[in-house]
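One structure is given here, and the rest of the page talks about it.
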Amino acid sequence: MSSAVWHPFTQHATEPAPPTIVRTEGAYIETRDGKRILDAISSWWVITHGHRHPKIVAAIREATETLDQVIFAGLSHEPAEQLASALVEMTPAGLDWVFYSDSGSTSVEVALKMALGFHRNNGFPRSRIIVVEDSYHGDTIGTMSVGARGVFNAAYEPLLFEVDIIPFPAVGREQATLDRFEAVTRDRRAAALIVEPLVLGAGGMLMYPARVLAELKRITERSGTLFIADEVMTGWGRTGTMFACEQAGIAPDILCTSKGLTGGSLPLAATLATDAIFRAHFSTDRTKTFFHSSSYTANPIACAAALANVSIWKDEPVAERVAALSRMQTEKVARFNQDERFENVRTCGTISALDLRVGNAGYLAEVGPRLRAFFLERGLLVRPLGNVIYVLPPYCVTSGELDQVYDAIDEAAELASDSL
Ligand SMILES: *Cc1c(COP(=O)(O)O)cnc(C)c1O
């Protein structure tokens, strides 16, 4: 019964030993003792169609017949080439180059390095990064630097670099965000703005309108600031469109994608960039090379899984599924609109979120783990962010399954108000 595993974001001193999962299928994960758990958070936002989509499983199996990892500097392979073409075709116009890596954090690190390399190689070095309050871009030192500071990274604060923070564009305060952004870009020294388009995920599923995104883009253009869209969570249908940027009608200079790229089956990430950014690194002067690589860059099996995901989007009515799920989410979460136990009931595409009203911050610290245990007992994988409860299911989830989740949320709030 002893385990050598140190789990992520887990306080081993207080949390119970985690159940062992032996099987995944569709919207469900199954424990060793035969309990089926509805994965209402898509296993930390990675699963799109459902666990183990048969076409993705088949593509992985087939890829292993011919390829495993191949060094990607100086060599190439078909799965990576085909996937790059597909990504260029599917993402907003102008993103013509695809740089592979293996996690969302790494794709953001790559984006930041591309931005600094762009300005430096063009002879006007800029290094300041502008970020949105409450953002999350990963857990490495660089990505923590451009993310919200708090209890999660207090110990590492001395290593984090300085950034300019613009306020979150909360309802009614959008103009303050734009004004602040205008002000910090006026000296034309900001290298890039990095944003999570439409939804700030780990920051608490905070949502803002597409027109703010479009305005931010306009300001970057005027000030020569690069626009980095971190679509690691929002990509692949999550917000209702293939990429969230589409809803603002904008094309970023750099786009990061990872979580849904392989349908959630294998780790893979890509950072897409404009030709201008590629050109800034294209030179007979070798010091202008883009100096970045990960050991598992463009893993062929992961690329094959991603290609299968792309063909599922093309061959199956995924857009319709996403639209139907988005409608269901809006209808079902609406039961809490007038409910005094909650506030900020909201949706964006396939994501719904609501804030449980809680007394004090000490209490707040307690409520998360207790809610998690409550849901798990009912066979539901729901993982609130503090007092923010959200539902972010795989696209194969049914209406009846969603009802179970919302019924449990109702019950959980009851419990939270008496005894939790
Ligand atoms: C999850 C996430 C990341 C980090 O991705 P990892 O694969 O966990 O490194 C970065 N940005 C956003 C918006 C994310 O949601």
Open item on the list: If a residue must be closer than 18 Å to residue 392 by Cα and touching a residue at least 24 places away in the same chain (Cβ under 8 Å), how many such residues does the stretch 330-341 contain?
Closed with: 4
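Somewhere in the stretch 298-315, is a residue on the phi > 0 side of the Ramachandran plot, of a type outside the set (Ser, Thr, Tyr) and in the same structural domain as residue 124 (by TED's automatic domain parsing)?
Yes: one or more hits.
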TODO: Provide a single number: the residues in the stretch 365-393 that are exposed (fewer than 15 other Cβ atoms within 10 Å of the Cβ), under 19 Å from residue 152 (Cα atoms) and without any contact (Cβ under 8 Å) to a residue 24 or more places away in the chain.
DONE: 1
Open item on the list: Filter the stretch 162-176 down to the residues that are more than 22 Å from the chain's Cα centre (by Cα) and within 18 Å of residue 128 (Cβ to Cβ) and list them by number.
Closed with: 162
Open item on the list: Given the condition within 8 Å of the ligand (Cβ to nearest atom), touching a residue at least 40 places away in the same chain (Cβ under 8 Å) and buried (at least 19 other Cβ atoms within 10 Å of the Cβ), answer yes or no: does some residue in the stretch 108-129 qualify?
Closed with: yes
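Just for the stretch 220-236: of the residues that are within 16 Å of the ligand (Cβ to nearest atom) and touching a Lys or Arg at 6+ places or on another chain (Cβ under 8 Å), which one is nearest to residue 306 (Cα to Cα)?
Narrowing the stretch 220-236 to residues within 16 Å of the ligand (Cβ to nearest atom): 227-236.
Among the residues that remain, those that are also touching a Lys or Arg at 6+ places or on another chain (Cβ under 8 Å) are: 227, 232-233, 235-236.
Values: 227: 25, 232: 14, 233: 16, 235: 13, 236: 11 Å.
Among those residues, the one meeting the criterion is 236.
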Task: Selection from the stretch 247-292 of residues that are surrounded by 18 or more Cβ atoms within 10 Å (Cβ to Cβ) and either basic (Lys, Arg) or assigned to a helix (DSSP H, G or I) (or both) - done: 247, 248, 259, 277, 280
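For the stretch 250-271, which positions are away from the ligand (no atom under 15 Å from the Cβ) and in contact with a Pro (Cβ under 9 Å, 6 or more places away or on another chain)? Step through it out loud before you land on a result.
Going through the stretch 250-271, the residues away from the ligand (no atom under 15 Å from the Cβ) turn out to be 250-251, 253.
Answer for the stretch 250-271, where residues must be away from the ligand (no atom under 15 Å from the Cβ) and in contact with a Pro (Cβ under 9 Å, 6 or more places away or on another chain): 250, 251.
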Task: Odd one out for residue 149, checked against (1) in contact with an Asp or Glu (Cβ under 8 Å, 6 or more places away or on another chain); (2) surrounded by fewer than 24 Cβ atoms within 10 Å (Cβ to Cβ); (3) closer than 28 Å to residue 262 by Cα - done: (3)
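Would you confirm whether any residue within the stretch 309-325 is in a helix (DSSP H, G or I), small (Gly, Ala, Ser), farther than 24 Å from residue 171 by Cβ and without any contact (Cβ under 8 Å) to a residue 60 or more places away in the chain?
yes
From 408, 413, 373, grab the single residue that is out of contact with any Lys or Arg (no Cβ under 7 Å at 6 or more places or on another chain) and small (Gly, Ala, Ser).
Just a single option satisfies the conditions, and that option is 373.
Let's see how each residue does on (1) at pLDDT 95 or above; (2) over 18 Å from residue 43 (Cβ atoms); (3) aromatic (Phe, Trp, Tyr):
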{"residue": "314", "(1), (2), (3)": "yes, yes, no"}
{"residue": "326", "(1), (2), (3)": "yes, yes, no"}
{"residue": "348", "(1), (2), (3)": "yes, yes, no"}
{"residue": "358", "(1), (2), (3)": "no, yes, no"}
{"residue": "382", "(1), (2), (3)": "yes, no, no"}
{"residue": "385", "(1), (2), (3)": "no, no, no"}
{"residue": "390", "(1), (2), (3)": "yes, no, yes"}
Task: Filtered residue count, the stretch 22-43, keeping only those that are without any contact (Cβ under 8 Å) to a residue 24 or more places away in the chain and either touching a Gly at 6+ places or on another chain (Cβ under 8 Å) or surrounded by 13 or more Cβ atoms within 10 Å (Cβ to Cβ) (or both) - done: 4
Open item on the list: For the stretch 130-141, give me the residue count where each residue is surrounded by fewer than 22 Cβ atoms within 10 Å (Cβ to Cβ) and near the ligand (Cβ under 8 Å from one of its atoms).
Closed with: 2
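The values are calculated or read from the model by the stated rules, or taken from the named source; none is laboratory data. Just so you know, these numbers come straight off a predicted model, no measurement behind them. All Cβ positions, glycine included, derive from the backbone under ideal geometry; neighbour counts span all protein chains shown.
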